Amino acid sequence: MKTNEGMLKLGEYPYTYVRTVTMKSKLYKKDDYHKFLKMELSEITKHLQESDYKTEIDALAQDLSGVGLIEHALNNNLVRNFAKLKKISPDEVDELVNSYLRRNDVYNMKTILRGKFANVENSEINRLLIPVGLHKPEFWTNLIEKESVEEVLRALPIKPQKKETALKNFKETNSLFSVENMLDTDYFQFMKEFSQRIPKEGELFRELQIGRASCRE
């Protein structure tokens, strides 16, 4: 996403607002989580199957069970809901959603790099990803299939100079610190520039995102 396209034009979007409120109403409350802590995995699965997660539970139940089933169902439901939110939103709101999802891409990049560094199986790395972001599944599959940290790093959509500096430090220290710091800094810089395009109607979003980005710096 480019950040030099001028100020976003935000206004009132009644339809998007109503749909979002409806989606929010389906979220579990704090008391629900206390109940989950007292349940067996099978009980949690049954409870989810009787809620908004039914579609995902039914689709995955033949191949998965236990924690794996619950985890994948939650992730797939998140993907479905964000896709719905983007579909019903005008372009300017869609751009806000994309900037919010960008943080998941950073998390996934770090997860893959850590997996390669620790020689984790590709299937396990894939299980740990959060499949909600700007990149399509094929992008992550391609990264996971890389043989080394260096190959993954070179394939990331980051400016070459930044990647080369991070790679040099990685080779000298055998630590991912400089690589992850580069990803965090790049994310923070993007959010800082993007926030300058948000008018006063989006002040709350600006504070939320810059606050989170600052925590990663």
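Overview of results
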quantity	calculated
Restricting segment 147-156 to residues that are of a type outside the set (D, E, K, R) and assigned to a loop (DSSP other than H, G, I, E, B), the residue that is nearest to Tyr107 (Cα to Cα)	Leu156
Single unsatisfied condition, Ala73 versus (1) surrounded by fewer than 18 Cβ atoms within 10 Å (Cβ to Cβ); (2) touching an Asp or Glu at 6+ places or on another chain (Cβ under 9 Å); (3) small (Gly, Ala, Ser)	(1)
Segment 159-211, subset more than 19 Å from Val149 (Cα to Cα) and acidic (Asp, Glu), residue modelled with the lowest pLDDT	Glu201
Residue check, Arg103 assigned to a helix (DSSP H, G or I), in contact (Cβ under 8 Å) with a residue 24 or more places away in the chain and either charged (D, E, K, R) or within 27 Å of Val67 (Cβ to Cβ) (or both)	yes
Unmet requirement for Ala83, which otherwise passes all of (1) open to solvent by 30 Å² or more (accessible area, probe 1.4 Å); (2) more than 20 Å from the chain's Cα centre (by Cα); (3) among the small types (Gly, Ala, Ser)	(2)
Residue match in segment 80-96 (condition: modelled with pLDDT of 85 or more, among the basic types (Lys, Arg) and in contact with a Gly (Cβ under 8 Å, 6 or more places away or on another chain))	no
In segment 2-47, residue modelled with the highest pLDDT [restricted to those that are open to solvent by 80 Å² or more (accessible area, probe 1.4 Å) and touching a Lys or Arg at 6+ places or on another chain (Cβ under 9 Å)]	Met7
Top-ranked residue of segment 122-146 - restricted to ones that are in a loop (DSSP other than H, G, I, E, B) and either of a type in the set (A, V, I, L, M, F, W, C) or in contact (Cβ under 8 Å) with a residue 60 or more places away in the chain (or both), ranked as most open to solvent (accessible area, probe 1.4 Å)	Leu134
Filter pass, Asn119 being closer than 28 Å to Asn75 by Cα and out of contact with any helix residue (DSSP H, G or I) (no Cβ under 9 Å at 6 or more places or on another chain)	yes
Criterion: at pLDDT 85 or above and either assigned to a helix (DSSP H, G or I) or under 20 Å from Thr45 (Cα atoms) (or both) - qualifying residue of Asn108, Asn119	Asn108
Residue in segment 167-187 that is among the aromatic types (Phe, Trp, Tyr), in contact with a Lys or Arg (Cβ under 7 Å, 6 or more places away or on another chain), assigned to a helix (DSSP H, G or I) and farther than 30 Å from Thr45 by Cα present	yes
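The values are calculated or read from the model by the stated rules, or taken from the named source; none is laboratory data. This structure is a prediction, so every number in the text was calculated from the model and none was measured. So basically every Cβ, Gly included, is an ideal-geometry build from the backbone, and we count neighbours across all protein chains shown. Keep in mind that these areas ignore ligands, DNA and RNA; they rest on the heavy atoms of the full protein, side chains included. Shrake-Rupley method; radii C 1.70, N 1.55, O 1.52, S 1.80 Å.
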